[in-house]
Each structure stands twice: as structure tokens, then as C-alpha cells.
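This report refers to the structure that appears directly beneath it.
The values are calculated or read from the model by the stated rules, or taken from the named source; none is laboratory data. In this text, all values refer to a predicted model and were calculated from it rather than measured experimentally. Note: ideal-geometry Cβ built from the backbone for every residue, glycine included; neighbour counts use all protein chains shown. Side chains are part of the model used for accessible areas, which takes the heavy atoms of the whole protein and leaves out ligands, DNA and RNA. Shrake-Rupley method; radii C 1.70, N 1.55, O 1.52, S 1.80 Å.
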Amino acid sequence: MRLNQQNILLGVTGGIAAYKTPDLVRKLTAEGANVRVVLTDSAKEFVSPLSLQAVSGNPVSDDLLDPAAEAAMGHIELAKWADKLLIAPATANFIAKLTHGLADDLLSTLCLATEAKIYLAPAMNQQMWKAAATQANMRILEKREISILEPASGEQACGDIGPGRMPEPLELTEALVDDNSSLELKNKHIVITAGPTRESIDPVRYITNHSSGKMGFALAKAAANMGAQVTLVSGPVNLNTPDAVKRIDVESAQQMHDAVMNAVGDCDIFIGCAAVADYRPVQMVTQKIKKNNEELTLTFTKNPDILADVARRQQAPFTVGFAAETQDVSRYAKEKLARKNLDMIAANDVSRSDIGFNSDQNALTLFWSDGEKSLDVADKGKLAVQLMHEISARFIAGKP
């Protein structure tokens, strides 16, 4: 399943090759992709929404002003959902609209609203494909880093012979698979921590934090998509394990420390994304504490420092930490980078309600010994992909 839970939005425009799209959807889902389909009005003359809904398992979208979808800004939600946007077939008319930034229907609006990579599979009469206007549009789109899946040559529905046939569904699927990251982390072992820890006070009470685990799980998915062998050590969260990821569930910081130390022996990269409790009660009371006094005093002791212990190993992996701060984010992150001898640190401002804990979005500033880089606010899934590529680049650059 080489597309491994990739969210692929398939845009279908009004070309005769649209009749091939149910087969395309089947091939994409067979590779593990989650597929949603958007139809233009003219596309519905060639393929039915019902057939595409049946093979994708998802409702088909076709109306920019759908009242039900618009209540939740449906077109924006689809744009954010997508990891990749494939337009197949892409007619000459739609290519011209995309080139000039028009947004007069759902699909063209999604193209402007999404941060996902866009792939075009042109399909048209051979003379339309060769036309100077079409070729000029294609050059503009290529400069915008839109991937063009070149049309094939052959006999066309009109009887002409030449370039302009949409590549077959299997070819389109393979193109997305081949571009599904460079697999630059193939055969690398990555250990990632995620979520909160729980430090017990008595049998019914514990101390924890607001971490949802979403960022760590997104990193695990992104790393697996890049070919890595991933071990995910997770605190208590309500999230599904990404495909092809080995998950180890723990509760306390000590349990997480023990699990990490057992896992990092052959590890190439370690990413400490979990929000680990700094302290735990000195003693867990064996029976429920009764409300007999006006005040309750607890004594705490430090938990082991997982990041520092990994970084100080004799054969330490490339070690990446997170700094979740509420003030002076850059200063505290740089201090933590140096103090714990990390290779990289990702800092975020958790005082902001729109990013960080329990949010689906985040923004990060990365620091390493001789540089830094900001990753703007984005869906945690997309941000995880960006971060994994940055980690991979620094990891590869640092290898002898």
C-alpha cells in the first residue's frame, strides 16, 4: 500500500477520458489512498457521481455553493484535507482557467485554496494540445511547480492520431506513487515520542497536560511515507496508529523513558515530540486520598530527561527535540538545543489558541547549530511532512 493513507483529491473535468476515472479511483484506493472526488458540471456528462461515490466510499462534491457544505466552508475543508490534488482529465479550458487564477466553480476554487501539490493529466484533441496558447499555459504552470503528467500519443476519440490522450489509470497511480516522497529515509529507523504522560497521585487521580499527540502521530505517518521503519512511543491518546508504524503505549514518563531506551539501540533518528511531565509525585498513595483537610501538600521529584539521555548516548542518533513555550520561544528553544546537546529543535508557541495543543494546526521555528527556519501555520499533517524533510536534510548533511 504505497500511498499509505495519503489524502488524494481527484478533480475530474469534462473530457471523454473522464469515463476512466472510476478505475483510477480503484487503483488509488488499492494503494492505500483516501480518495475524494470533485466533478465539474461538464464532467457529469461523461461519468456519474454515483459511480465515483461507489468506488471511493465518499460523497462526490460538485457545487461551490452547496448549502450543506458551505455551512462548514466545505470547499476550504476539502482544500485543507488534501495531501495531493490530481486533475484527470484536465481539459484545455480548465488548464487555461488554472493558469489565469479563475475560481468560478468548486474545482478551480480548490486549486487556489489548497497547499497540496497539484498534478495535471491533460487530455484533449491533439491539435488543441499543440496550440500555442495551451503550450504557453503549460509553461506557466510548470514554473509554478505544478506537476504535468504528459499526455500519451495515439488514436483519439475524434479519430485524430497524436498527443493528447490521458495516461492510463495505472500510469497515473504509479506517477503519484513515484512522487510519494523520495523515500530518502528508506531503511532508516526512527523513534518518535508523542502525546502526554500521566503521573499518578493515587489510584483515581493523576497529573497530565493538554497534549493531543496529533503532531507526533503526523510525524510518524510522514516518516513512514518516506520509507522509514518507525517506532512510535505514545502516551495516552485517542488516535489511530498510522499504517506501517510500530506503536508502544505507555503512561508515565518513567515508562516512556524505559521504552525509548529499549528502542533507540539501532535508531538513526530520534524525535522527542511528547509532552513529558518534568516531575512526578515522590510516592503514589495506594488508596484514594480523602477530602479530610483544607489543604493537600504533594512532594514531587524530577522525572528522567528522555531527550538528554538519548543525546548523550555513546552512539547517539540524530536527536530532535520540541520546545513548547508560552513566552520567549526562540530564546528558550536555543538554550534547550545547547543544554541538551540536540541536533535540532522545533519550537512552537502553545499560548496561541489557534495552534499547538489540541489544535489541528501548528507552526514551528526550527533551530540547529548554525541555522534556523520557520515553518508557517499549516495543518499538522502537512507541517509534519515539511519537518521530516528538514530533519532528513540535516541528518543526511551531517553524515560523514
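Key figures
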quantity	calculated
Nitroxide proxy distance, nm - points 7 Å out along Cα→Cβ at Asp179 and Asn341	4.3
Under-5 Å amide H pairs with Thr319, H placed in peptide plane, nonlocal only	Phe270, Asp343, Met344
For peptides 114-127, 149-162, sequence by mean Cβ density within 10 Å, most packed first	114-127, 149-162
Cleavage-rule hits (GluC sites (Glu not before Pro)) in the stretch 287-346: DSSP loop, at most 12 neighbouring Cβ within 10 angstrom	Glu294, Glu295
Antiparallel content of DSSP bridges confined to the chain, in %, to 5	30
Of [x] 47, 23, 18; [y] 55, 22, 18; [z] 41, 24, 20, the label for semi-axes √(5λ) of the Cα gyration tensor in Å derived from the coordinates	[x]
Gain upon complete extension [Ile207, Ile289; 0.36 nm per residue less C-alpha separation]	28.1 nm
Average accessible surface area per residue within the chain, 1.4 Å rolling probe, Å²	48
Helical contribution to [θ] at 222 nm, DSSP H n ≥ 4, -39,500 (n - 2.57), averaged over the chain, rounded to 500	-9500 deg cm²/dmol
Translational D in µm²/s for the stretch 155-281 (Stokes-Einstein at 25 °C, 0.890 mPa s, Kirkwood Rh from C-alpha pairs)	145
In order through the stretch 364-379: 3J(HN,Hα) via Karplus (6.51 cos²θ - 1.76 cosθ + 1.60), integer Hz, x for Gly, Pro	9, 10, 9, 10, 9, 4, 10, x, 7, 7, 9, 10, 5, 3, 7, 3
Greater than 19 Å apart at Cα, pairs in Lys214/Lys373; Lys80/Lys214; Lys302/Lys334	Lys214/Lys373; Lys302/Lys334
Over 22 Å [Cα-Cα, the stretch 250-395], rounded percent	48
Exposure rank, largest accessible area first [Lys382, Lys44, Lys334; 1.4 Å]	Lys334, Lys44, Lys382
Share of carbon and sulfur in the accessible heavy-atom surface of the chain [1.4 Å probe, %]	48
Under Karplus coefficients 6.51, -1.76 and 1.60, residue-wise ³J(HN,Hα) of the stretch 6-16 in Hz, glycine/proline x	5, 8, 10, 9, 9, x, 10, 10, x, x, 4
Placed amide H near Leu375: partners under 5 Å, 5+ positions off or other chain	Leu364, Thr365, Leu366
J(HN,Hα) series, the stretch 336-351, from Karplus relation 6.51 cos²θ - 1.76 cosθ + 1.60, nearest Hz, glycine and proline x	5, 4, 6, 5, 9, 6, 8, 7, 7, 9, 10, 10, 9, 9, 7, 6
